[in-house]
1. What's the extension gain from A255 to M365 if we count 0.36 nm per residue and subtract their Cα-Cα distance?
2. Using a 10 Å cut-off on Cβ atoms, rank the peptides 88-95, 210-217, 354-361 from the highest mean neighbour count down.
3. First measure r as the distance between the Cβ atoms of Q356 and D110, then evaluate 1/(1 + (r/R0)^6) with R0 = 41 Å and state the FRET efficiency to the nearest 0.05.
4. Among 114-121, 317-324, how do they line up from the highest to the lowest mean number of other beta-carbon atoms within 10 Å?
5. Once both labels are modelled 7 Å past Cα along the beta-carbon direction, what's the E346-K236 spacing in nm?
6. If you take the beta carbon distance between A14 and S163 as r and set R0 to 30 Å, what does 1/(1 + (r/R0)^6) give as a FRET efficiency, to the nearest 0.05?
7. Calculated FRET efficiency, F35 and N133, Cβ-Cβ r, R0 22 Å, to nearest 0.05?
8. Calculate, axis by axis, the spread of Cα positions in the stretch 231-362 along the three principal axes, and write the results as whole Å, longest axis first.
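A short reminder: the numbers here are calculations on the coordinates, not readings from a lab. Predicted model, so just to flag it, every value in this text is computed and none were measured. So basically every Cβ, Gly included, is an ideal-geometry build from the backbone, and we count neighbours across all protein chains shown.
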Amino acid sequence: MNHPYSPIVRTPKAPVAYLAIDVHLIPENLHANLFRWINTFAEQWAHEHAQQLPATLWMKAPWNQSPESDFEFHFACSSKLPPNFLNELADHLSQWIDKALRFSTRALVDANDGWAPLSHWQDGRAWDSNDLNNWQARDQSHARPDVLVPSAESSYFAQATKSYSAEEINTRAFKAACESGDKEDLDEYLLANRHILSDHSAYAKGHTPLHLAAAAGDLDTVEALLGYVSPDVLSKRHQTPLIHLADVRGKHSHAEIISRLRSTLHIRDSEGRSALMYAARGAFVTSRRGHITLVKALVNAGADVTETDQDGRTALGWAKKDLAPAKPQANAEVIEYLERQMYEVELVRFFRANYQHHFDTKGVMHIVPRDGALKPSGCQTARSFASSEQ
């Protein structure tokens, strides 16, 4: 989402519950006090929650359908604010306008649908909408001495007592940004860490963020990452994200991910193995089965079933390799599918190499052998050759 104001705000990804205030039920002499009460609550929240991560309170003023055509104010918050935040705000306001308050069903916060930020918490302070509209020109003096400003490492997850390596911290921060309930966290992480996104040595187990996102089936994150890194970025094991996806074989819908990484379909790892080979293999899995859905998705995307690795083994060969003696038919579905695919591919290649064909005005196919090719047999082809030889 492109905000018409500061990009600092946090927007919830999913629909959230909201607090509604019916303006018609507020005495006219109190109308001018509503936002002053909310600002006071925001300041108090910042004072009492010094470790509050960046979070935003949103407001929308939709028209009510009442006969008087009055309107309501709707208030919703981003994911870093606790679930009880709106309840505490309602308790604060109830001392003046209790009858005007109600909680309602979930709403999707969207700046293009009239939602605007009202308050924002960051660096131990509460900022109002004017600060957000003029973020660079805001009062940038230090927070009060009694306020502990969150550290950079706590921007995405709470610090644990366990000691983590730099690679583990990078991986945890990336995953937390992906799993965040706020839309802006991932973009902020990618922009701040763009210089290491292609470096597998910067992340745990030698997997770049694109490898992790592809294996997790996270389409939104994959698309965001492709704005920073190439789809053929390699892991420590010299695997592309697509090969890593096939190797891990998670329980996700992979078709959309494969379509985004389609340009790397024919890239092999250091042992000459393709993504299709990893998806088809029957070994090293408890059930000794390949991933039939993933195999079909790769073939539909254009993977070549006849490609061989350094040992001359195709994906079909990997589907048959190292099957458990007690379960010789465990990978039968993948094997049968790849046999059909290879048969069709090789048949077409053989046909095109040895024969020519055309269709007449009646829609009948006529086959003509190339020089040195054997003549086909069969009723229809025999008539075709007879007519072509006259």
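1. Numbers: separation 110, 0.36 × 110 = 39.60 nm, distance 3.53 nm.
36.1 nm is the gain from fully extending A255 to M365.
2. Values: 88-95: 15.2, 210-217: 24.1, 354-361: 11.4.
Packing proxy ranking, top to bottom: 210-217, 88-95, 354-361.
3. Details: r = 59 Å, r/R0 = 1.43.
So the FRET efficiency works out to roughly 0.10.
4. Details: 114-121: 21.1, 317-324: 18.6.
The densest-packed peptide leads the list: 114-121, 317-324.
5. Taking the two extended label points, one gets 4.0 nm.
6. Details: r = 34 Å, r/R0 = 1.12.
Result of the calculation: an efficiency of 0.35.
7. On the way: r = 15 Å, r/R0 = 0.70.
Efficiency computed from Cβ-Cβ geometry: 0.90.
8. Sorted largest first, the three principal extents are 55, 39, 30 Å.
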